[in-house]
Amino acid sequence: MNAQNTTEQQPGSGPAPRALTDRELSRLLRGQQFGTLASVRRTGHPHLSTVLYDWNPEERVVRVSTTADRLKARRLRNDPHASLHVQGPDVWSFAVAEGEAEVSEPTTVPGDAIGRELLSLTPGFETPEEETAFLKQIVADRRVVIRLRVTRLYGTALDMPAGD
């Protein structure tokens, strides 16, 4: 039988996960662009979709742009319960924002209220013509806004020693 190396870390002897504070969770959400949106299928199983999102900590709302006929929008109209899972800057941390989602009506006129909300989710345009083209395109795409009103925010970090 081999002698155990006493300098090698044994399973379960590392740091325990640390619950993140609301401020840390919000910072993690603001620091990422992509997350996994989970909605509920009629069978009760999760439906997962990678999304580009925007987090507004003051409103506690996650916004996602999608088209009216996408599966995630249809699922959320049937059952608004949803969660957004966001990976932290390393593999040892994550945040989850959960709550109930609402799906807007599609934008129908370039520059209408939904169109302006969708515009706020995108980086700025260099010219007014680019913005106008974008507003026309999202009407043609039948884009909607998913608003996840966050009622619970949680996550953890595993503070690993340097060099691990």
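The values are calculated or read from the model by the stated rules, or taken from the named source; none is laboratory data. Since this is a predicted model, take the numbers as computed values, not measurements. Every residue, glycine among them, receives a Cβ derived from its backbone with ideal geometry; neighbour counts consider all protein chains shown. For the accessible areas, the whole protein counts, side chains as well, though only heavy atoms, and no ligand, DNA or RNA atoms are used. Shrake-Rupley method; radii C 1.70, N 1.55, O 1.52, S 1.80 Å.
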*Check E59, E100, E24 and return the single one that is assigned to a loop (DSSP other than H, G, I, E, B) and at pLDDT 95 or above.*
E59
*Could you check how many residues of the stretch 45-62 are open to solvent by 50 Å² or more (accessible area, probe 1.4 Å) and either farther than 20 Å from I138 by Cβ or of a type in the set (S, T, N, Q) (or both)?*
7
*Sort out which residues of the stretch 137-164 are within 20 Å of R70 (Cβ to Cβ), open to solvent by 40 Å² or more (accessible area, probe 1.4 Å) and not in a loop (DSSP other than H, G, I, E, B), and write them in order of number.*
Q137, A140, D141, R143, R149
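So, V96, is that one open to solvent by less than 40 Å² (accessible area, probe 1.4 Å) and touching a helix residue (DSSP H, G or I) at 6+ places or on another chain (Cβ under 9 Å) or not? Quick ask: steps written out before the conclusion?
Details: open to solvent by less than 40 Å² (accessible area, probe 1.4 Å): yes; touching a helix residue (DSSP H, G or I) at 6+ places or on another chain (Cβ under 9 Å): yes.
Yes, satisfied.
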*Odd one out for D90 among (1) surrounded by 13 or more Cβ atoms within 10 Å (Cβ to Cβ); (2) over 20 Å from R147 (Cβ atoms)*: (1)
*asked:* For the stretch 91-140, give me the residue count where each residue is within 18 Å of Q33 (Cα to Cα) and free of Cβ contacts under 8 Å to residues at least 60 places away in the same chain.
replied: 9
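Residues are listed down the side, and each one gets a yes or a no for (1) crowded, with 21+ Cβ neighbours inside 10 Å; (2) free of Cβ contacts under 8 Å to residues at least 40 places away in the same chain:
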residue	(1), (2)
A19	no, no
R23	no, yes
R27	no, yes
V64	yes, no
A68	no, no
R74	no, yes
H81	no, no
H85	no, no
*Can P15 be described as over 30 Å from A140 (Cβ atoms), surrounded by 10 or more Cβ atoms within 10 Å (Cβ to Cβ) and modelled with pLDDT of 95 or more?*
no
_Candidates L37, L48, filtered to the one that is in contact with a Ser or Thr (Cβ under 7 Å, 6 or more places away or on another chain), without any contact (Cβ under 8 Å) to a residue 40 or more places away in the chain and of a type outside the set (G, A, S)_ = L48
*Of the residues that sit in the stretch 29-44 and are outside any loop (DSSP other than H, G, I, E, B) and open to solvent by 50 Å² or more (accessible area, probe 1.4 Å), which one is farthest from E58 (Cα to Cα)?*
F34
